[in-house]
């Protein structure tokens with residue numbers, strides 16, 4: 001996407017911080033309302049339509065979970081059990097089994113590499129959007145302008161991606177099985193163990209795993225015993241192709257601003273793991289086209305989707321328990337407002353969000369928690385960073401029961417210090 005002259009950044013609206021928090025909570029399905037918000041009303045994906053064969057109907061729990069994942073711009077699934085909680089806690093009456101059914105049976109969700117090159121649960125219908133946008137981002141921000149990796153030049157990367165797509169077209173393969181299949185198709189060089197990984201070395205081709213996913217050649221399949229498998233996302237959404245890169249990137253920015261705005265280009269760059277300069281140019285282009293507009297966020301410059309300045313009538317309220325790497329904690333900025341006071345040191349890991357499950361009160365991080373399961377019993381420890389009022393303690397008890405329902409177990413709640421360290 002080519003850069004345009006910088007537009008005027010004079011804010012057209014003032015958005016107080018409490019109002020920004022209230023609308024983020026609403027759009028993340030974290031209010032006390034019984035139903036999640038509808039799909040975003042901004043024209044986010046009308047110009048990157050999904051293949052109509054998607055098994056998504058408007059009335060099923062699986063379809064509702066896909067809508068929530070869409071509104072969040074994906075659920076981080078490096079820890080799959082946390083992603084299950086993250087989605088299910090936003091839909092009353094939904095459990096981890098419903099998420100698994102949406103993913104592996106109804107296939108309204110797909111587990112693949114999403115933003116930041118990390119594993120996410122994404123709505124299957126949005127595979128054209130995500131593959132188009134992420135491929136365009138990588139091409140625009142790759143070192144030297146290429147689309148290769150530290151271990152593969154662009155040409156060999158293309159060979160590996162083609163081999164992966166061919167091998168997985170109608171199969172579910174473990175890493176070792178896929179290694180054999182790729183080596184068979186492109187040669188022994190793809191299997192050379194050159195990648196440093198967890199005190200071991202991985203085969204060369206694996207440096208292109210995320211690229212293969214972002215181009216639509218690979219996604220995760222069901223676990224086989226304890227072993228991860230890969231398969232083709234065409235089995236989730238037959239016939240799809242990545243959307244045009246510039247169109248998909250613009251749609252992704254609008255979706256992200258709808259969920260996390262008002263926000264700035266550096267905030268988007270951090271969420272996308274992209275250079276700030278690239279994000280700034282992207283925002284300028286969209287502003288010049290009238291797709292986004294500047295606002296004043298509590299005295300700081302920020303951006304929203306054009307025309308999206310309506311604010312909730314009520315201030316942010318409510319207590320929630322968010323799991324590891326929940327989208328709200330990871331994607332919302334500024335960090336010092338989302339993690340105020342002691343929370344900045346206690347609930348972040350070197351400034352990195354998501355490494356602790358967090359207690360959220362009125363939209364701000366106010367503590368950490370940890371759960372340990374034994375059979376159907378879930379032992380939950382919650383460490384508030386300030387004393388809870390009687391009303392807040394009642395809300396915590398209710399939220400703990402809800403967590404137990406999501407996990408299909410019985411929670412035993414303790415309020416006190418959490419001694420478990422940050423997740424890596």
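Computed log10 I(q)/I(0) for region 229-301 at 0.11, 0.18, 0.28 Å⁻¹: -0.37, -0.77, -1.38, from the Debye equation with unit scatterers placed on every C-alpha and solvent omitted. Normalising by residue count, region 79-182 has a Cα convex hull of 132 Å³ per residue.
Seen from a random direction on average, the alpha-carbon convex hull of region 329-420 projects onto 6.0 square nanometres. For region 268-365, what does the alpha-carbon gyration tensor say about shape, rounded, prolate or oblate, given a ≥ b ≥ c as the root eigenvalues, a/c under 1.5 as rounded, and a/b over b/c as prolate? Oblate, since a/c reaches 1.5 and b/c is not below a/b. Taking the Cα atoms of region 194-335, the ratio Rg/Rh between the radius of gyration and the Kirkwood radius comes to 1.05.
Computed over the chain, relative contact order equals 20 percent, with contacts defined as Cα pairs under 8 Å that lie 6+ residues apart. The order of 303, 202, going from fewest to most other C-beta atoms within 10 Å of their C-beta, is 202, 303. Among 179, 414, sorting on how many other beta-carbon atoms sit within 10 Å of each Cβ, with the fewest leading, yields 414, 179. Can you grab the distance from the C-alpha centre of region 401-416 to the C-alpha centre of region 301-344, Å, no decimals? Cα centroid of region 401-416 versus Cα centroid of region 301-344: 25 Å apart. Beta-bridge orientation, region 319-415: approximately 75 percent antiparallel, per DSSP, counting only bridges with both partners inside.
Three semi-axes describe the equivalent ellipsoid of the chain; taken as square roots of 5 times the Cα gyration tensor eigenvalues and ordered largest first, they are 34, 28, 20 Å.
Note on 256, 369: ascending count of other Cβ atoms within 10 Å places them as 256, 369, the fewest first.
Distance from the alpha carbon centroid of region 69-94 to that of region 246-260 works out to 20 angstrom. What separates the Cα centres of region 374-394 and region 202-220 is a distance of 40 Å.
Using the average count of surrounding beta-carbon atoms within 10 Å as a protection proxy, the listed peptides 74-83, 212-221 rank, highest first, as 212-221, 74-83.
Helix-only arithmetic for the chain: the sum of -39500 (n - 2.57) across DSSP H runs with n ≥ 4, divided by the residue total, places the mean residue ellipticity at 222 nm at -10500 deg cm²/dmol.
Only the coordinates and a few stated rules stand behind these numbers; no lab work does. From a predicted model like this one, the values you see are computed outputs, not experimental measurements. When we count neighbours, we look across all protein chains shown, and the Cβ atoms used for this are built from the backbone with ideal geometry, even at glycine.
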